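Here is the structure we will look at, set down as structure tokens.
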Amino acid sequence: MFIILIISWFWFPNYTDSHKIHIDWLSVFCSLLGISALLIGINLLKSNLAVSLILIIIGLLFSWWFVRRQTTLAEPTLRLTLFKKCGFRRMTLIIMLCYAAMLGGQAIVPLLLENWLNLSGFTAGLFMLPGALLNAIFFADRRQSI
């Protein structure tokens, strides 16, 4: 590992050099408003259908405007043309599914332990502790290698 660190010190380029970047604030506003309206609209879907549908339509319009703007800008805030590549789409989908499965497991398993098996929150936490420790160890290891 030490040899690889030394080789990488001389071989890999330095990406930490600062350079001036341009932030398109209209794109940031469009993405923020679009995603926020979509999330709030989906959240209100059960309680207030009319407001929810209006927010979802507004969110979709602003998200569409954001995507359209990113594909026409010379320096886009988010380079969406990467999604034209099949490998990138496939990799992104797999990562999203794995992340959803991981977060779903972290949220659902304690609820099942507490509600169906009538275990205490402390016992459910102890049940989840080994996985949380392994996650912390692997995350800490990955952060050190960067």
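Computed about its Cα centre, the charge dipole of segment 37-93 is approximately 300 debye, with only Lys, Arg, Asp and Glu carrying charge at their Cβ.
With all protein chains present, how much of the accessible area of the chain (probe radius 1.4 Å) comes from carbon and sulfur, to the nearest whole percent?
Values: 9240 of 12650 Å².
Of all accessible area on the chain, carbon and sulfur atoms account for 73 percent.
In this label model, Ile35 and Met91 are separated by 2.0 nm, measuring between points 7 Å along each Cα→Cβ vector. For the pair Phe83 and Ser47, the difference between a 0.36 nm per residue extended length and the Cα-Cα distance amounts to 9.4 nm. Given +1 at the Cβ of Lys and Arg, -1 at the Cβ of Asp and Glu and no other charges, the dipole of the chain around its Cα centre is 500 debye to the nearest 20. Projecting the Cα positions of Met128, Gln70, Val51 onto the charge dipole of segment 42-146 (unit charges on Cβ atoms of Lys, Arg, Asp and Glu, taken about the Cα centre) puts Gln70 furthest along the positive direction. Here the calculated FRET efficiency for Ile108 and Leu73, from their Cβ-Cβ distance with R0 = 30 Å, stands at 0.15, rounded to the nearest 0.05. Only helical runs count toward this figure. For the chain, summing -39,500 (n - 2.57) over DSSP H runs of n ≥ 4 and dividing by all residues gives -25500 deg cm²/dmol at 222 nm. Subtracting the Cα-Cα distance of Cys98 and Asn115 from their residue separation scaled by 0.36 nm leaves 3.6 nm.
Here are labelled values, (i) 0.98; (ii) 1.09; (iii) 1.06, and one is the computed Rg/Rh (Cα atoms, Kirkwood Rh) for what I pasted. Which one? Recomputing Rg/Rh (Cα atoms, Kirkwood Rh) here picks out (ii).
When each full DSSP H helix of the chain is screened for a Cα extent of at least 30 Å along its own axis and an average Kyte-Doolittle hydropathy of at least 0.5, the helices passing are 49-72, 86-115, 121-145. Counting only protein heavy atoms and a 1.4 Å probe, segment 56-103 has 83 square angstrom of accessible area per residue. Ligands, DNA and RNA aside, Thr72 has an accessible area near 100 Å² when probed at 1.4 Å.
The values are calculated or read from the model by the stated rules, or taken from the named source; none is laboratory data. Computed from a predicted structure; not experimentally measured. Here Cβ is always computed from backbone atoms with ideal geometry, including for glycine, and neighbour counts include all displayed protein chains. These area figures cover heavy atoms from the full protein model, side chains too; ligands, DNA and RNA do not enter into them. Shrake-Rupley method; radii C 1.70, N 1.55, O 1.52, S 1.80 Å.
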